1. May I ask you to derive the FRET efficiency for residue 111 and residue 19 from their Cβ-Cβ distance with R0 = 35 Å, giving the value to the nearest 0.05?
2. If I take every Cα pair under 8 Å that is 6 or more residues apart in the chain, average their sequence separation and divide by the length, what percent do I get for the relative contact order?
3. Would you look at the GNM of the chain, springs on alpha carbons closer than 10 Å, and say which of 208, 127, 49 moves the most?
4. Can you tell me the order of 67-73, 12-18, 146-152 when each peptide is scored by its average per-residue count of other Cβ atoms within 10 angstrom, highest first?
5. What fraction of the DSSP beta bridges in the chain is antiparallel, stated in percent and rounded to the nearest 5?
6. So what is the 222 nm mean residue ellipticity for the chain from helices alone, if each DSSP H run of at least 4 adds -39500 (n - 2.57) and you divide by all residues, rounding to the nearest 500 deg cm²/dmol?
7. Report, in whole Å, the centroid distance computed from the Cα atoms of region 5-52 and region 61-126.
8. For region 177-232 and region 136-157, what is the centre-to-centre distance using only Cα atoms, to the nearest Å?
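Coordinate-derived values only; no laboratory data. A quick note: this is a predicted structure, and the numbers were derived from the prediction, not measured. So basically every Cβ, Gly included, is an ideal-geometry build from the backbone, and we count neighbours across all protein chains shown.
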Ligand code: SAH
Ligand code: DHB
Ligand code: MG
């Protein structure tokens, strides 16, 4: 065995998904309907979606905050996990800057049996505009804090979204999970052959110096190639 076997990563996804994560009609619809509306299919992979749903169930989350809705594929995974957690009142709050993406996401969520906006709301706007509003609503007692935060929007703002995630989450045991961290490290030249971009904020360095959290980066391979995520738990 050596690392060159990474060429088989997509086949391993196919095999393991056949047995552990057979495609559901609703999730397949979310992918297909997004593509039909010209939305680039940069959603998490089926295995990654299932992993997020298992984390949501492990953590017993009732409220999820998502940055970057796209066609609602990951939102559906979260909403279904919250339903399984039971107790009623579970809710996904997803933020999306592109109105066309938001429309398709709402249609896909509804097709999947998710009650919009009761079980999942898609807030239109740039993350950095919407997050302070959510913060004010939490402070005013009009909105619950978040148990699980999924950051999957524009990569340049990963640190700002992370910081907001920690501030808006429930405190100890709250989770902030950032997608695409490894590709951003390589793209921005923090690691690898590219020249490091001037003024680039390295999420990993910032989180490493952040006393509020314990965090790790896990590198991943699969049908969606090579990447990795950061996951932090509030102390
Ligand atoms: N979470 C989705 C994929 C998100 S792709 C899934 O796995 O199914 C990234 C999304 O972030 C895109 O829809 C893009 O329009 C949105 N986005 C980009 N910049 C943004 C910003 N500043 N604020 C909110 N959303 C943003
Ligand atoms: C891509 C993947 C992502 O998960 C994302 O958030 C943005 C872009 C991509 O494959 O290009
Ligand atoms: Mg992503």
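1. Numbers: r = 26 Å, r/R0 = 0.73.
Approximately 0.85, to the nearest 0.05.
2. So the answer I get is 17 percent.
3. Of 208, 127, 49, the most mobile in the Gaussian network model is 208.
4. Numbers: 67-73: 28.7, 12-18: 14.0, 146-152: 25.9.
Ranking the peptides 67-73, 12-18, 146-152 by packing returns 67-73, 146-152, 12-18.
5. If I count the DSSP bridges inside the chain, around 40 percent turn out antiparallel.
6. Details: 9 runs with 100 residues, N = 235.
One gets -13000 deg cm²/dmol as the mean residue ellipticity at 222 nm.
7. First find each Cα centre; the distance between them is then 18 Å.
8. So the two Cα centres are separated by 20 Å.
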